[in-house]
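J.: Sending over a structure as structure tokens; questions will come in a sec.
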Amino acid sequence: MKTGVFVGSFDPYTIGHHDILCRVLPLFDHVVVGVGVNEHKQCMYGAAERVERIAQLYADDPRVTVEQYSGLTVDFAHQHGASFIIKGVRSMKDFEYEREQADVNRQISGIDTLLLMATPALASVSSSVVRELMHYGKDVSAFLPQR
């Protein structure tokens, strides 16, 4: 079984994240969405709530499971027997950061990273932008996947 882990803080999980997951599903038998917990990052939603919201979106798809994790992504990937870490890339800035992470992850674990470019129409959608809009009371439903 070919397994990938799609990881991030997903605070919140946007239509951009959903698009990446839908595009990688044909490549894997199973994708574990790893909701990262980072004590250095202040999140709007708790990890359990983020896991629940994402799990609800894919409740009818047995190829997708959602779990919270902390620690190194490569350790999470190894726990699931994953052959790839999946990351979305919206810009060159994202690409450089993710490329560096991918290089280190491969060096310390042998696990490759699949970097998938964002769909151009969704490249400006980020969790931080959505959080900012929410802070000012704006309707963000267009940026969040609907079940």
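The values are calculated or read from the model by the stated rules, or taken from the named source; none is laboratory data. This is a predicted model, so every value here is computed, not measured. Quick reminder, even Gly has a Cβ in these numbers, built from the backbone with ideal geometry, and neighbours come from all protein chains shown. Surface accessibility is based on the protein's heavy atoms, side chains included, excluding ligands, DNA and RNA. Shrake-Rupley method; radii C 1.70, N 1.55, O 1.52, S 1.80 Å.
J.: May I ask you to list the residues in region 92-118 that are among the acidic types (Asp, Glu) and in contact with a helix residue (DSSP H, G or I) (Cβ under 8 Å, 6 or more places away or on another chain)? First the steps, then the outcome.
T.: Within region 92-118, the subset among the acidic types (Asp, Glu) is 94, 96, 98, 100, 103, 112.
Once the filter is applied, which keeps residues that are among the acidic types (Asp, Glu) and in contact with a helix residue (DSSP H, G or I) (Cβ under 8 Å, 6 or more places away or on another chain), region 92-118 yields only Asp112.
J.: So is Phe84 touching a Leu at 6+ places or on another chain (Cβ under 9 Å), within 14 Å of Phe6 (Cα to Cα), touching a residue at least 12 places away in the same chain (Cβ under 8 Å) and among the aromatic types (Phe, Trp, Tyr) or not?
T.: In short, yes.
J.: Without any contact (Cβ under 8 Å) to a residue 60 or more places away in the chain and among the small types (Gly, Ala, Ser): which single residue out of Gly4, Gly16, Gly34 fits that description? Break it down stepwise before answering.
T.: Values: Gly4 fails: without any contact (Cβ under 8 Å) to a residue 60 or more places away in the chain; Gly16 fails: without any contact (Cβ under 8 Å) to a residue 60 or more places away in the chain.
So the residue among Gly4, Gly16, Gly34 that is without any contact (Cβ under 8 Å) to a residue 60 or more places away in the chain and among the small types (Gly, Ala, Ser) is Gly34.
J.: Restricting to region 1-19, what's the tally of residues that are charged (D, E, K, R) and open to solvent by less than 30 Å² (accessible area, probe 1.4 Å)?
T.: 1
Here is a yes/no grid of residues against (1) free of Cβ contacts under 8 Å to residues at least 12 places away in the same chain; (2) open to solvent by less than 30 Å² (accessible area, probe 1.4 Å); (3) closer than 24 Å to Arg131 by Cα; (4) out of contact with any Ser or Thr (no Cβ under 8 Å at 6 or more places or on another chain):
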residue: Leu21; (1), (2), (3), (4): no, yes, yes, yes
residue: Lys41; (1), (2), (3), (4): no, no, yes, no
residue: Ala48; (1), (2), (3), (4): no, no, yes, yes
residue: Asp60; (1), (2), (3), (4): yes, no, no, yes
residue: Gly71; (1), (2), (3), (4): yes, no, no, yes
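J.: Can you tell me which of Ala77, Ala102, Ala123, Ala82 is touching a strand residue (DSSP E or B) at 6+ places or on another chain (Cβ under 6 Å), closer than 26 Å to Tyr45 by Cα and surrounded by 14 or more Cβ atoms within 10 Å (Cβ to Cβ)? Before you say what the answer is, go through the steps one by one.
T.: Working: Ala102 fails: closer than 26 Å to Tyr45 by Cα; Ala123 fails: touching a strand residue (DSSP E or B) at 6+ places or on another chain (Cβ under 6 Å); Ala82 fails: closer than 26 Å to Tyr45 by Cα.
Just a single option satisfies the conditions, and that option is Ala77.
J.: So, one more: How many residues are open to solvent by 60 Å² or more (accessible area, probe 1.4 Å) and of a type in the set (S, T, N, Q) when one looks only at region 126-140?
T.: Adding up the residues that qualify gives 1.
J.: Take the residues in region 23-39 that are modelled with pLDDT of 95 or more and assigned to a loop (DSSP other than H, G, I, E, B), then tell me which one is least open to solvent (accessible area, probe 1.4 Å).
T.: Among residues in region 23-39 that are modelled with pLDDT of 95 or more and assigned to a loop (DSSP other than H, G, I, E, B), the one least open to solvent (accessible area, probe 1.4 Å) is Phe28.
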